[in-house]
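What follows is a single structure, written as structure tokens, with notes after it.
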Amino acid sequence: MPLIFVLVVITASDRPSLAAEQSYYPNINCDIQKQACVQSFSGREIRLNITPKPVKTMTDLVFYVKITGKTLNHPPVIDLGMPGMTMGPNRIRLEPAGRNTFAGKGVIVRCPSGRTIWRATVTVPEEGRVDFIFNVIP
Ligand SMILES: [Cu+2]
């Protein structure tokens with residue numbers, strides 16, 4: 001009897017955190033530790049890469065964005081954030097590095113909660129934005 005009681009308590013207390021994790025993991029859409037990530041958007045392909053790899057927090061990183069289609073008049077920007085958490089604003093300003101290719105430096109901070117899933121929102125001026133969601137090494 002006491003054993004059964006303990007199991008019920010453990011199962012019940014595990015449920016919220018398990019549900020919380022599952023609500024984040026399916027959102028990962030970018031394997032940034034291994035390769036550049038590509039998303040289609042507004043008739044364009046948006047390619048995001050971050051170096052050096054592995055991509056770690058509290059490290060000087062270079063963010064690259066390459067976009068297919070007609071030439072952009074203004075560079076895109078990247079806003080870094082965490083799904084389900086409000087973090088301080090962290091905008092990566094990109095400079096042209098070739099036709100429709102842009103690069104900029106930034107740092108991904110270490111989250112006090114211990115979570116490692118980050119979101120890079122690439123905004124293409126006057127067209128819209130797309131989210132890349134990936135794991136970072138803390
Ligand atoms: Cu956080």
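Checking each residue in region 102-131 for being in a strand (DSSP E or B), touching a Phe, Trp or Tyr at 6+ places or on another chain (Cβ under 9 Å), under 17 Å from Tyr64 (Cβ atoms) and not basic (Lys, Arg) picks out Phe102, Ala103, Gly104, Gly106, Trp118, Ala120, Thr121, Val122, Val124, Val130.
The residues of region 37-58 that are touching a Phe, Trp or Tyr at 6+ places or on another chain (Cβ under 9 Å), surrounded by fewer than 16 Cβ atoms within 10 Å (Cβ to Cβ) and either aliphatic (A, V, I, L, M) or within 15 Å of Leu94 (Cα to Cα) (or both) amount to a single one, Thr51. Check whether at least one residue in region 59-76 is within 14 Å of the chain's Cα centre (by Cα), assigned to a strand (DSSP E or B), surrounded by 15 or more Cβ atoms within 10 Å (Cβ to Cβ) and of a type in the set (D, E, K, R), and report yes or no. No: region 59-76 contains no residue that is within 14 Å of the chain's Cα centre (by Cα), assigned to a strand (DSSP E or B), surrounded by 15 or more Cβ atoms within 10 Å (Cβ to Cβ) and of a type in the set (D, E, K, R).
Taking each residue of region 98-116 that is under 18 Å from Asn49 (Cα atoms) and within 16 Å of the ligand (Cβ to nearest atom) and looking for partners that are at pLDDT below 95 and among the hydrophobic types (A, V, I, L, M, F, W, C) with beta-carbon atoms closer than 8 Å, six or more apart or interchain, yields Val109/Met87. Residue count for region 77-97, restricted to those that are away from the ligand (no atom under 13 Å from the Cβ), part of a strand (DSSP E or B) and under 12 Å from Thr123 (Cα atoms): 6.
The values are calculated or read from the model by the stated rules, or taken from the named source; none is laboratory data. Since we're looking at a predicted model, the values are computed, not measured. Positions of Cβ are generated from backbone atoms using ideal geometry, with glycine treated the same way; all protein chains shown enter the neighbour counts.
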